[in-house]
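Everything on this sheet refers to the single structure shown next.
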Amino acid sequence: MTTKINTVNVESAECSQCTIRSRTLFGAVGEDKIRITQKYRDKHHFFSADDILHLEQQKIDYSFILRSGCLMLYNDLEDGSRQILQIALPGDFVGFSRNYKGELPYSIKAVTDVGICLFSDKSMQKMISEQPEIAKKLIDLQSGKLIVCQQHLLNLGKKTAAESLAYLIMELHARIKVQAPEMFNDEENEAFFPLNQEGIGDILGLTKVHINRVMTSFRKQGLIVFSYKKLKLLDEEKLSEIGKFDISQVQEPFCHFN
């Protein structure tokens, strides 16, 4: 079975007016060509919070750029637990990497209301063959994802709970500031935070009790203020030191092939 995107909530969207284009595949395309490249994109779709966009191990015949909102990429495990693989934010490209059967090896769920710009496989193949600058940026995007995945493996296997949580907090906080400024309060250094303690545990492979213990420690040290879906950083330097977090991975996501 191949997953087909729900086509009920669709509308056209102008790439030339896109506020996140600089961080997407089309960021490599000059203003003089942007209307040409728009022909490769198949509509702009909307989903509501908690909608499931795709179920793991089903074939998929499209990829998409997240235009607005927040998505969760995850696996359901045999014991009934869940492993969250990634939180996708505006500008992220989702659905391109699949297994040899053409199946996407994870499920996709909307954390908030989201908008996506969808590309069918046929359109992607045509775009890559006709626009080499986009093909180059696609390689760069995939390389950046690999680096992030390697760091997540370290968080799961080799870092302490405090190190892993500090890294996750810094990564999401920094990415939200860069990719979703509408979810960020500059004056307060406070960001929308898409994960509760259970969700944090599902990313880091730790229990909710363990996460609560480390969060409480961070609060007592004056590092963070954490409330329902809001996270305020009080000492970014200390958290970065604890988590061994490199801000350049977020600030310069397309530097590998420049």
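The values are calculated or read from the model by the stated rules, or taken from the named source; none is laboratory data. Keep in mind the model is a prediction, meaning the values are calculated, not measured. Cβ atoms come from the backbone with ideal geometry, glycine included; neighbour counts cover every protein chain shown.
Can you name every residue in region 187-239 that is surrounded by fewer than 20 Cβ atoms within 10 Å (Cβ to Cβ), in contact (Cβ under 8 Å) with a residue 60 or more places away in the chain and more than 22 Å from Ile84 (Cα to Cα)?
Glu236
So how many residues does region 88-112 have that are closer than 21 Å to Gln125 by Cα and either buried (at least 20 other Cβ atoms within 10 Å of the Cβ) or at pLDDT 95 or above (or both)?
Going through region 88-112 one residue at a time, the tally reaches 6.
Listed residues Lys136, Lys158, Lys145, Lys126; which is modelled with pLDDT under 75 and over 27 Å from His210 (Cβ atoms)? Show your work before the answer.
Values: Lys136 fails: modelled with pLDDT under 75; Lys158 fails: over 27 Å from His210 (Cβ atoms); Lys126 fails: modelled with pLDDT under 75.
The unique qualifying residue is Lys145.
Kindly provide the set of residues from region 168-202 that are β-branched (Val, Ile, Thr) and farther than 16 Å from Asp92 by Cβ, ordered by number.
Let us first name the residues in region 168-202 that are β-branched (Val, Ile, Thr), namely 169, 176, 178, 200.
Correct list: Ile169, Ile200.
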